[in-house]
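Take a look at the structure set out below.
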Amino acid sequence: MNNAVLEAVNLVKVFPGSRKGLVSRGSDLTAVDEVSFSLYKGELLGLLGESGCGKSTVAKMLMHLISPTSGTILMDGEEVQNLSESAFRRRRRQIQMVYQNPFDCLDPRMRVRSLLEEPLKIWFPEMGEQIRQDRIHNMLKECGLPGNCLDKKPGEFSGGQLQRISIARALLVEPEILIADEIISALDVSVQNQILNLLIQMKQRHHLSILFITHDLSVARMVSDRVMVMQSGRIKGIGSPEEVFSNSADPYIRELTEAVFTLS
Ligand SMILES: Nc1ncnc2c1ncn2[C@@H]1O[C@H](COP(=O)(O)OP(=O)(O)O)[C@@H](O)[C@H]1O
Ligand SMILES: [Mg+2]
């Protein structure tokens, strides 16, 4: 019907009894409130919003890590939100995620060689050893990593290098969709652009569709083909960066853009 690789329709996530207030017993917290969007083949869709607005909760639902309270998630048009873990398995390789903190996906006790071999062994068990090593070497090169990094452990790398390793690990299994959740937020400003450039390069080379999550409006505006703005669990606007940031009717988005212009 269309070329959406991933769709969210009226996604809702309520955390029961999690809302903090004056009463000691918490009431329900609606972290994600009727969120709908499509991610198209080959696009980088930015998800911009302040800390706590529900961005990571959306990501976790898309990754099948937590289940939505209601709403629909479609991959290539197939409803997946209610699939069992085993039924979702054939979809899991297609959607990979890179996190703000590399240690969330890179076990600090493992050497980089094993960290990169592991997903290939899981998803391509029939792959021969030589092909596996070739794939890893090619991916290292694409990600700007030296070959001698294979014998080291995560603790021996800088934050920027670790994000390169995380990206390499996610892309080795040839996903169609990449979710990047605040992947430059913990990095020095000087390396942030290098990682963004790598991401955009890899998007083109591997025809990826990327959901790029950030709290930084300038970054969202710079990298996104389309962008959506989230506030308190709701999507306040979606479109090209020009559409969304230059002439939004939404007061919250106007406030955000005016704040950035005042600063810069
Ligand atoms: N497992 C959970 N249980 C209860 N509340 C949660 C849970 N995960 C997230 N939240 C709450 O949901 C809201 C959205 O969180 P999150 O999606 O992590 O926001 P963001 O990624 O935009 O910073 C926050 O108020 C957070 O405290
Ligand atoms: Mg988050």
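The set of residues in the stretch 197-213 being of a type in the set (A, V, I, L, M) and buried (at least 18 other Cβ atoms within 10 Å of the Cβ) consists of Leu198, Leu199, Met202, Leu208, Ile210, Leu211, Ile213. If you filter the stretch 33-58 down to residues that are charged (D, E, K, R) and over 13 Å from Arg234 (Cβ atoms), you find that the one that is farthest from ligand 2 (Cβ to nearest atom) is Lys41.
Annotation: Ala249 fulfils all but one of (1) surrounded by fewer than 17 Cβ atoms within 10 Å (Cβ to Cβ); (2) closer than 25 Å to Lys41 by Cα; the unmet one is (2).
Select from the stretch 13-68 the residues that are within 11 Å of ligand 1 (Cβ to nearest atom) and in a helix (DSSP H, G or I) and list them in ascending order. Correct list: Lys55, Ser56, Thr57, Val58, Ala59, Lys60, Met61.
Which number in (1) of a type in the set (Ser, Thr, Tyr); (2) away from ligand 1 (no atom under 16 Å from the Cβ); (3) within 23 Å of Gln100 (Cβ to Cβ) marks the one condition that Ser232 misses? Every condition holds for Ser232 apart from (2).
The single condition from (1) within 16 Å of ligand 2 (Cβ to nearest atom); (2) in contact with a strand residue (DSSP E or B) (Cβ under 8 Å, 6 or more places away or on another chain); (3) among the polar types (S, T, N, Q) that Asn101 fails is (2). Return yes or no: is Gly147 small (Gly, Ala, Ser) and over 23 Å from the mean Cα position of the chain (by Cα)? Yes; evaluated as a whole, the condition is true for this residue.
Scanning the stretch 71-129 for residues that are touching a helix residue (DSSP H, G or I) at 6+ places or on another chain (Cβ under 6 Å), under 30 Å from Leu145 (Cα atoms) and assigned to a strand (DSSP E or B) yields Gln96, Val98.
Each row is one residue, and each column tells you yes or no for (1) over 29 Å from Gly160 (Cβ atoms); (2) within 19 Å of the chain's Cα centre (by Cα); (3) at pLDDT 95 or above.
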position	(1), (2), (3)
Ile66	yes, yes, yes
Thr69	yes, no, yes
Ile95	no, yes, yes
Met110	no, no, yes
Glu117	no, no, yes
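Checked against (1) within 16 Å of Ile183 (Cβ to Cβ); (2) within 16 Å of ligand 1 (Cβ to nearest atom), Ile200 meets all criteria but (2).
The values are calculated or read from the model by the stated rules, or taken from the named source; none is laboratory data. Since the structure is predicted, the reported quantities are computational estimates derived from the model, not experimental observations. Heads up, the Cβs are rebuilt from the backbone with ideal geometry, glycines too, and the neighbour counts pull from every protein chain shown.
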